[in-house]
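The structure appears right after this line, and notes come after that.
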Amino acid sequence: QVQLVESGGGLVQAGGSLRLSCAVSGRLFNVIDMGWFRQAPGKEREWLALIARDDTAAVADSVKDRFIISRDNRKITVYLQMNNVKPDDTAVYSCYARESINEYWGQGTQVTVSS
């Protein structure tokens, strides 16, 4: 059974940095990509970044000058480096893994940015 577990969230001051991790347990087959979304209270879920199986990365225009997605060489942990965070970055951050048939999601980790 595949599980995704996010970690690294918490309270951070504006201008600071945070690195979120998404650890995968179980085995994924024919992974298309893995990535991150976030959802702030009262707002729609927002796609942030993805990294494809060939290591091609894409980041949303709204955060591309501050957020970086990466993963370890064994491809079982995906990271989201968040730099120069802003109060508007406050949200629950969730990772996903997409196979050709299945899609898996983590429970999410709260990030709160204080001004």
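The values are calculated or read from the model by the stated rules, or taken from the named source; none is laboratory data. Quick caveat: nothing in here was measured; it's all calculated off a predicted structure. All Cβ positions, glycine included, derive from the backbone under ideal geometry; neighbour counts span all protein chains shown. These accessible areas exclude ligands, DNA and RNA; they are computed on the full protein's heavy atoms, side chains included. Shrake-Rupley method; radii C 1.70, N 1.55, O 1.52, S 1.80 Å.
A few points about this structure:
- When the test is whether a residue is polar (S, T, N, Q) and either open to solvent by 80 Å² or more (accessible area, probe 1.4 Å) or touching a Leu at 6+ places or on another chain (Cβ under 8 Å) (or both), Ser94 does not pass it.
- Index of the failed condition, Gly8 passing every other in (1) at positive phi; (2) surrounded by fewer than 15 Cβ atoms within 10 Å (Cβ to Cβ): (2)
- With respect to being open to solvent by 90 Å² or more (accessible area, probe 1.4 Å) and either assigned to a loop (DSSP other than H, G, I, E, B) or free of Cβ contacts under 8 Å to residues at least 40 places away in the same chain (or both), Ile68 fits the description.
- Top-ranked residue in region 54-63 [being under 16 Å from the mean Cα position of the chain (by Cα) and loosely packed, with under 14 Cβ neighbours inside 10 Å; ranked as nearest to Val78 (Cα to Cα)]: Asp55
- Residues of region 76-115 that are modelled with pLDDT under 95, closer than 24 Å to Phe29 by Cβ and in a loop (DSSP other than H, G, I, E, B): Ile76, Ser100, Ile101, Asn102.
- Taking the criterion of being open to solvent by 30 Å² or more (accessible area, probe 1.4 Å), of a type in the set (Lys, Arg) and either over 13 Å from Arg74 (Cβ atoms) or part of a strand (DSSP E or B) (or both), the only residue of region 17-40 that qualifies is Arg19.
- When the test is whether a residue is within 13 Å of Val92 (Cα to Cα), assigned to a loop (DSSP other than H, G, I, E, B) and at pLDDT 95 or above, Lys43 passes it.
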